[in-house]
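Notes follow once the structure below has been shown.
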Amino acid sequence: MLQIDGRFAIEDERQLVTMFLFDGSDTASHTILLAHGAGAPMDSASMTKSAQALAASGSRVARFEFGYMASRRTGEGRKPPPRADTLRGEYLAAIDALAAEGSLVIGGKSMGGRVASMVADDLHASGSIAGLLCLGYPFHPPAKPDQLRTAHLVDLKTPALIVQGTRDQFGSRDEVTGYRLSENIEFLWLEDGDHDLKPRKTISGFSEADHMTTLTKAVSEWIGRISR
C-alpha cells in the first residue's frame, strides 16, 4: 500500500489501482464511501467540503475516482465520462479494495451516487452495506426533465438518503416530489441549494456552512437508525 499526500493506492485482484482519499478517524464505527460526479474529481471543492463536514461529525469518509477521471492526473488526456452503468464493476472493485471494517455506507456526488445506487441492493441483501447516501442525485440531465434516471429507484430495497438542493437543475424539489420512488428512500431538502448543495445566501437566508451543518446532523441520525 502506497500513501501519497493522504491518498492510498491499492492494487486489487484485477490489477486496477484504486486511489482513496480519507477523512475522519480510523476508529469510527462506520465508513462512508463516496465516488465523484461525472465532470469533477474526488477532491473537488464540493466533495471536499462534504467529506470534511461528515468526518468532523464522526464519520470515516473514503473518496475514490473511477478510471477515466484518475487518468486525467497521469497526462493521458481528458477522457469523457462513460455511461454510468458501465462503472458498476469499478465501484464494486473499490469496495473490495477498501475492505472497510464496521458499518459501510456507499454513495457519491451526482453520477457517483447514481452508480452506487445501481449496485446497492445486491450488496445490502448480502449484508455488505448498511445504506446508500447520494449527494445531489442526477434525476435527469439539465433541461431534459423527461429523460428520467429513476427506473431502478422505484423498487430500491436499500435504505437510502438523498441530499438534494431545492433548485438542483438535475432534479428540483418541485420535480422530484412527483416521481414514483421506493419508500426506502428518504430525502433531505436543502433550501435554495444547487447541484453542489450551495444556496444563494442573499435569497435563501442560508449559507453553505448552514447547509453542511444540516447535512451532517441528518446523515448522523440516519446512519444511527439504519445501523442498528
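The values are calculated or read from the model by the stated rules, or taken from the named source; none is laboratory data. These numbers were taken from a predicted model, which means no experiment stands behind them. For neighbour counting, all protein chains shown are included, and Cβ atoms are generated from backbone atoms with ideal geometry for every residue, glycine included.
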*asked:* Exactly one of these conditions fails for ARG167: (1) within 19 Å of ARG149 (Cβ to Cβ); (2) touching a helix residue (DSSP H, G or I) at 6+ places or on another chain (Cβ under 6 Å). Give me its number.
replied: (2)
_Suppose we filter region 163-190 for residues that are in a loop (DSSP other than H, G, I, E, B), more than 21 Å from ALA120 (Cβ to Cβ) and in contact with a Phe, Trp or Tyr (Cβ under 6 Å, 6 or more places away or on another chain); how many remain?_
1
*Sort through ARG78, ARG114, ARG88 and tell me the only one that's under 14 Å from the mean Cα position of the chain (by Cα) and either surrounded by 20 or more Cβ atoms within 10 Å (Cβ to Cβ) or free of Cβ contacts under 8 Å to residues at least 12 places away in the same chain (or both).*
ARG114
_Enumeration of residues in region 147-162 that are closer than 19 Å to SER103 by Cα and assigned to a loop (DSSP other than H, G, I, E, B)_ = LYS157, THR158, PRO159
*region 16-64 - residue that is over 15 Å from ALA100 (Cβ atoms) and hydroxyl-bearing (Ser, Thr, Tyr) and, of those, farthest from the chain's Cα centre (by Cα)*: SER57
*Looking at ILE95, is it part of a helix (DSSP H, G or I), out of contact with any Cys (no Cβ under 6 Å at 6 or more places or on another chain) and under 22 Å from GLY224 (Cα atoms)?*
yes
_From LEU161, LEU123, residue being buried (at least 18 other Cβ atoms within 10 Å of the Cβ), touching a helix residue (DSSP H, G or I) at 6+ places or on another chain (Cβ under 7 Å), at pLDDT 95 or above and of a type outside the set (Phe, Trp, Tyr)_ = LEU161
*Take region 152-206 and flag every residue that is among the aliphatic types (A, V, I, L, M), over 19 Å from PRO142 (Cβ atoms) and touching a residue at least 40 places away in the same chain (Cβ under 8 Å).*
ALA160, LEU161
